[in-house]
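Enquirer: Right, I'll just put the structure down here and ask away after.
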Protein chains: 2
Amino acid sequence: VKLARRAHRVRVPGFRFAGVRAGLKTRGPDVALIALDRPGVTAGVLTANRAPAAPVVITRERLRAGTASAVLVHAGNANACTGREGRRTVEVSTALAGTLLGVPAARVLACATGRIGVQVPRDRLLHGVRAAYASLAGDGFARAARAITTTDAFPKTAVRRVRLGGRPVTLAALGKGAGMIAPELATLLVFVCTDARLDRRAARRMLVEAVAGTFNAVSVDGDMSTNDTILLLSSGAAANPPVTVRSAGYRTIARALTEVLEELARLVVLDGEGASRLVEVIVRGARRDEEAQRIARAIAGSTLCKTAFAGGDPNWGRFVCAAGTAGVPLDPDRIDVSIDGVLVSRYGRPVPGSLAAARRRMARCEFRVELRLRQGRGRGRMLAADLTVAYVHFNAAYTT
Amino acid sequence: VKLARRAHRVRVPGFRFAGVRAGLKTRGPDVALIALDRPGVTAGVLTANRAPAAPVVITRERLRAGTASAVLVHAGNANACTGREGRRTVEVSTALAGTLLGVPAARVLACATGRIGVQVPRDRLLHGVRAAYASLAGDGFARAARAITTTDAFPKTAVRRVRLGGRPVTLAALGKGAGMIAPELATLLVFVCTDARLDRRAARRMLVEAVAGTFNAVSVDGDMSTNDTILLLSSGAAANPPVTVRSAGYRTIARALTEVLEELARLVVLDGEGASRLVEVIVRGARRDEEAQRIARAIAGSTLCKTAFAGGDPNWGRFVCAAGTAGVPLDPDRIDVSIDGVLVSRYGRPVPGSLAAARRRMARCEFRVELRLRQGRGRGRMLAADLTVAYVHFNAAYTT
């Protein structure tokens with residue numbers, strides 16, 4: 001899958017960015033620093049993995065304050081399964097960043113991605129922190145986006161501009177997340193930087209809602225990697241009247257946030273290790289949204305369905321069979337299946353002559369698989385990558 | 001993985017077997033018939049899939065009687081997602097078998113495996129039923145075992161002989177189940193035939209217990225295919241005092257049953273589509289068995305772990321990370337990981353110099369991955385196949 005490279009020269013008032021090489025990856029920049037000119041309201045959604053990485057443990061603690069001054073990210077080593085020494089690495093490196101920036105370490109959040117079970121070479125990281133601090137710049141966004149990548153084929157960014165109380169505000173998001181997502185364990189990191197002024201409750205709520213509709217339709221909480229982190233950082237430099245849950249601007253900025261996360265989610269799936277196709281799995285007509293979502297998840301997560309996606313095979317029986325594993329009562333004789341609008345099965349029976357057209361749709365790099373259950377009005381949706389030979393090659397070769 | 005072919009010339013008193021070609025598969029025999037000389041006590045464990053195939057729907061109903069006279073099996077077409085017409089096919093074909101055998105259709109059970117969403121060519125099937133009836137023989141066991149296979153590389157059988165009240169009794173099991181098992185959707189069919197006399201409650205209980213310790217450690221109930229069926233059929237021809245839940249012989253025969261199912265389970269995993277390795281995942285020291293089992297399942301089901309198995313990569317961090325997705329509280333700093341007895345991580349830290357030895361163990365076609373949690377005494381266990389390039393090739397090419 002090829003995507004046009006976008007060189008975002010975006011600036012977000014109140015933010016500076018850096019991306020430098022510290023030698024943690026085999027090549028390319030691998031330490032990113034995002035710094036706010038003054039502490040800003042911050043919200044986060046962190047992995048539900050029960051063996052969280054050291055940076056996640058510490059960032060979760062520090063997020064309780066509701067404000068932050070910087071985020072330090074490194075790629076190439078996840079600092080996961082590294083015990084007390086790993087946590088010490090986070091403390092030492094964020095303390096250095098804090099000292100350089102003139103803020104307490106407790107206001108510096110930390111994220112990491114890469115190999116598991118190996119200590120971070122601390123000297124290199126500290127060297128990287130110094131270099132990153134030295135190169136912080138208002139136009140460093142694209143460099144930071146590149147520095148957080150690991151096996152990603154391209155940096156992932158999304159930008160929206162909206163008006164709040166007459167003032168223009170920017171949302172600029174950078175993310176990484178190669179690896180076949182869900183039910184997999186590749187690290188997902190996303191940082192949304194905005195100059196909007198937000199109150200804490202509004203920031204938290206809009207982030208949780210936007211993640212629910214986008215990244216949680218890609219990667220299940222419970223299936224998240226040791227390091228997954230999604231942060232919303234606001235500098236407040238736009239000086240708009242602060243957005244609260246009840247203010248008029250809430251929906252405007254919440255929608256923009258959902259849009260940037262949706263855009264990043266699609267880029268992440270498209271860049272799945274070895275993925276060749278982005279499949280939107282939609283389930284309609286369930287008794288409840290929650291049941292529809294479980295079924296969509298079962299289809300998106302089934303390797304038999306994922307290989308059918310890769311093979312461009314409109315094997316609707318596999319989709320119904322995978323739906324049957326979700327633990328939701330089904331009547332297969334009432335289910336319709338369509339592929340990008342081509343009805344291949346109606347009331348559980350094949351639609352004669354439909355397969356050739358369906359196969360043509362599945363040859364595209366993006367298509368939709370839709371199940372209609374005829375039980376009620378519940379809807380669910382998942383984004384899935386296919387499962388290709390390249391994926392297995394990649395992951396069998398990737399070494400400890 | 002190569003296994004010595006075993007030509008089982010086994011006979012089970014009170015049983016006759018047939019395996020014939022009806023043209024449902026592209027080649028080889030594809031209709032099997034197992035007939036009891038007189039109705040015998042029968043128990044079954046059937047798929048929990050919510051879109052069960054037509055034969056499953058009807059067999060589940062007929063099993064309520066607790067006795068059966070025959071099992072009709074066909075391979076090449078699963079008769080799943082086939083609606084009312086599919087159920088009619090089951091009724092018609094079992095009625096024909098019943099007429100030929102001189103028993104009511106309600107005493108003929110049915111199973112199928114193969115393609116989903118396509119009607120069974122009924123004429124061919126009925127032709128197969130007649131041919132199978134004509135060739136029923138006491139020594140037809142191996143032919144029946146061959147006729148139920150689909151993508152299996154070899155027929156799967158296991159036999160045990162034990163003494164009950166001084167009398168020799170036989171348990172002979174035939175099974176099929178290629179496809180990467182759990183959390184996958186390849187059909188699992190297992191038929192255990194014994195001449196032991198069992199009462200209904202004893203038959204049911206020993207089957208449920210034996211499945212829990214063996215096949216449920218391979219394939220999750222909820223993840224089962226549309227067609228999975230495990231049956232225990234007893235002819236009673238051994239004329240032993242009937243085995244009840246409380247009788248002395250119960251443990252003897254229950255243990256033999258567990259052994260044949262364990263043997264078949266291992267053969268099924270070894271024959272997984274494209275699988276190159278059989279991995280036993282053991283979790284010790286959890287708070288409860290149930291939690292240990294959930295963690296074992298998470299590791300066995302993770303494609304990142306499965307590709308590490310295939311690559312022979314002692315990537316213990318991936319195993320801990322996958323364990324973290326099971327939703328069970330963990331302290332990664334207290335976990336030990338070993339591979340076939342080689343400790344690669346102790347208290348969450350790598351054991352220096354262990355990786356070369358671990359890599360050598362992982363080059364074998366069977367090895368053990370063991371996590372020790374240090375929380376309590378709970379134990380869990382799963383059998384997993386690895387995930388190879390061949391699997392993806394196979395499943396992307398397999399067509400509707």
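The values are calculated or read from the model by the stated rules, or taken from the named source; none is laboratory data. Quick caveat: nothing in here was measured; it's all calculated off a predicted structure. Quick reminder, even Gly has a Cβ in these numbers, built from the backbone with ideal geometry, and neighbours come from all protein chains shown.
Enquirer: What single numbered condition from (1) surrounded by 18 or more Cβ atoms within 10 Å (Cβ to Cβ); (2) out of contact with any strand residue (DSSP E or B) (no Cβ under 9 Å at 6 or more places or on another chain) fails to hold for A:G175?
Expert: (2)
Enquirer: Kindly indicate the residue of the range A:282-307 that is β-branched (V, I, T) and in contact with a strand residue (DSSP E or B) (Cβ under 6 Å, 6 or more places away or on another chain) and also farthest from the other protein chains (Cβ to nearest Cβ) among those meeting that condition.
Expert: Among them, the one singled out is A:I282.
Enquirer: Related question: Tell me whether the range B:266-284 contains one or more residues that are more than 25 Å from B:R16 (Cα to Cα), free of Cβ contacts under 8 Å to residues at least 24 places away in the same chain and not in a helix (DSSP H, G or I).
Expert: No, the conditions are met nowhere in the range B:266-284.
Enquirer: Within the range B:237-247, track down each residue that is touching a residue at least 24 places away in the same chain (Cβ under 8 Å) and at negative phi.
Expert: Here is the first cut: in the range B:237-247, the ones touching a residue at least 24 places away in the same chain (Cβ under 8 Å) are B:237-245, B:247.
Correct list: B:A237, B:A238, B:N240, B:P241, B:P242, B:V243, B:T244, B:V245, B:S247.
Enquirer: If you go through the range A:323-362 one residue at a time, how many are over 14 Å from A:I282 (Cβ atoms), of a type in the set (G, A, S) and not in a helix (DSSP H, G or I)?
Expert: Number of matching residues: 5.
Enquirer: Mind checking which pairs have a first residue in the range B:308-319 that is more than 7 Å from chain A (Cβ to nearest Cβ) and a second that is hydrophobic (A, V, I, L, M, F, W, C) and part of a helix (DSSP H, G or I), Cβ under 7 Å, 6 or more apart or different chains?
Expert: Partner pairs satisfying both residue conditions: B:G312/B:M362; B:F319/B:I299; B:F319/B:C305.
Enquirer: Criterion first (in contact with a strand residue (DSSP E or B) (Cβ under 7 Å, 6 or more places away or on another chain), at pLDDT 95 or above and surrounded by 20 or more Cβ atoms within 10 Å (Cβ to Cβ)) does B:A202 satisfy it?
Expert: yes
Yes or no, residue by residue, for (1) in contact with a Phe, Trp or Tyr (Cβ under 6 Å, 6 or more places away or on another chain); (2) of a type outside the set (A, V, I, L, M, F, W, C); (3) assigned to a strand (DSSP E or B):
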| site | (1), (2), (3) |
| --- | --- |
| A:A110 | no, no, yes |
| A:V118 | no, no, no |
| A:R124 | no, yes, no |
| A:A145 | no, no, no |
| A:A158 | no, no, yes |
| A:V190 | no, no, yes |
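Enquirer: Check A:V120, A:V162, A:V129 and return the single one that is within 14 Å of another protein chain (Cβ to nearest Cβ), more than 19 Å from A:L231 (Cα to Cα) and touching a helix residue (DSSP H, G or I) at 6+ places or on another chain (Cβ under 6 Å).
Expert: On the way: A:V162 fails: within 14 Å of another protein chain (Cβ to nearest Cβ); A:V129 fails: within 14 Å of another protein chain (Cβ to nearest Cβ).
A:V120 is the lone residue from the list that is within 14 Å of another protein chain (Cβ to nearest Cβ), more than 19 Å from A:L231 (Cα to Cα) and touching a helix residue (DSSP H, G or I) at 6+ places or on another chain (Cβ under 6 Å).
Enquirer: Considering only residues that are modelled with pLDDT of 90 or more and not in a strand (DSSP E or B), look in the range B:375-400 and name the one that is surrounded by the fewest Cβ atoms within 10 Å (Cβ to Cβ).
Expert: Restricting to residues being modelled with pLDDT of 90 or more and not in a strand (DSSP E or B), the top hit is B:R377.
Enquirer: Shifting gears a bit: For the range A:232-290: of the residues being crowded, with 18+ Cβ neighbours inside 10 Å and of a type in the set (S, T, N, Q), which is farthest from A:T42 (Cα to Cα)?
Expert: A:S276
Enquirer: Would you point out the residue of the range A:304-363, among those that are over 15 Å from B:T82 (Cβ atoms) and polar (S, T, N, Q), that is farthest from the chain's Cα centre (by Cα)?
Expert: A:S354
Enquirer: OK, next. Can you tell me which residue within the range A:1-46, out of those that are touching a strand residue (DSSP E or B) at 6+ places or on another chain (Cβ under 8 Å) and at pLDDT below 90, is surrounded by the fewest Cβ atoms within 10 Å (Cβ to Cβ)?
Expert: The extreme case among them is A:R6.
Enquirer: Restricting attention to the range A:119-136, which residues are buried (at least 24 other Cβ atoms within 10 Å of the Cβ) and either hydrophobic (A, V, I, L, M, F, W, C) or at pLDDT below 95 (or both)?
Expert: Across the range A:119-136, the qualifying residues are A:V120, A:L125, A:V129, A:A132.
Enquirer: Further, regarding this structure: I'd like the full set of residues that are surrounded by fewer than 24 Cβ atoms within 10 Å (Cβ to Cβ) and touching a Pro at 6+ places or on another chain (Cβ under 9 Å), limited to the range B:96-118.
Expert: B:G98, B:V103, B:R107, B:V118
Enquirer: So, of the residues in the range B:73-95 that are part of a strand (DSSP E or B) and among the small types (G, A, S), which turns out to be surrounded by the fewest Cβ atoms within 10 Å (Cβ to Cβ)?
Expert: So the residue we want is B:G76.
Enquirer: Condition first: over 21 Å from the mean Cα position of the chain (by Cα), more than 14 Å from every other protein chain (Cβ to nearest Cβ), not in a helix (DSSP H, G or I) and not small (G, A, S). Can you find one or more residues in the range B:57-72 that meet it?
Expert: The answer is yes, given that some residue of the range B:57-72 is over 21 Å from the mean Cα position of the chain (by Cα), more than 14 Å from every other protein chain (Cβ to nearest Cβ), not in a helix (DSSP H, G or I) and not small (G, A, S).
Enquirer: A further question on this structure: Please state which one of B:V268, B:V243, B:V279 is among the aliphatic types (A, V, I, L, M) and under 16 Å from the mean Cα position of the chain (by Cα).
Expert: Working: B:V243 fails: under 16 Å from the mean Cα position of the chain (by Cα); B:V279 fails: under 16 Å from the mean Cα position of the chain (by Cα).
It is B:V268.
Enquirer: Which pairs do you get when a residue that is away from chain A (no Cβ under 14 Å), found in the range B:92-117, comes within reach of a residue that is among the aromatic types (F, W, Y) and assigned to a strand (DSSP E or B), reach meaning Cβ atoms under 9 angstrom, with the pair 6+ apart or on two chains?
Expert: Here the result reads B:C111/B:F191, each pair linking the range B:92-117 to a residue that is among the aromatic types (F, W, Y) and assigned to a strand (DSSP E or B).
Enquirer: Within the range A:355-374, is even one residue touching a strand residue (DSSP E or B) at 6+ places or on another chain (Cβ under 6 Å), exposed (fewer than 15 other Cβ atoms within 10 Å of the Cβ), away from chain B (no Cβ under 12 Å) and modelled with pLDDT of 95 or more?
Expert: Yes.
Enquirer: Given the criterion of a type in the set (D, E, K, R) and within 14 Å of another protein chain (Cβ to nearest Cβ), identify the matching residue among B:D195, B:D228. So that I can check it myself, show each step before the final result.
Expert: Numbers: B:D195 fails: within 14 Å of another protein chain (Cβ to nearest Cβ).
Answer to the check: B:D228.
Enquirer: Ok, one more. Is it the case that A:A300 is at pLDDT below 90, part of a helix (DSSP H, G or I) and under 25 Å from B:T187 (Cβ atoms)?
Expert: Yes; evaluated as a whole, the condition is true for this residue.
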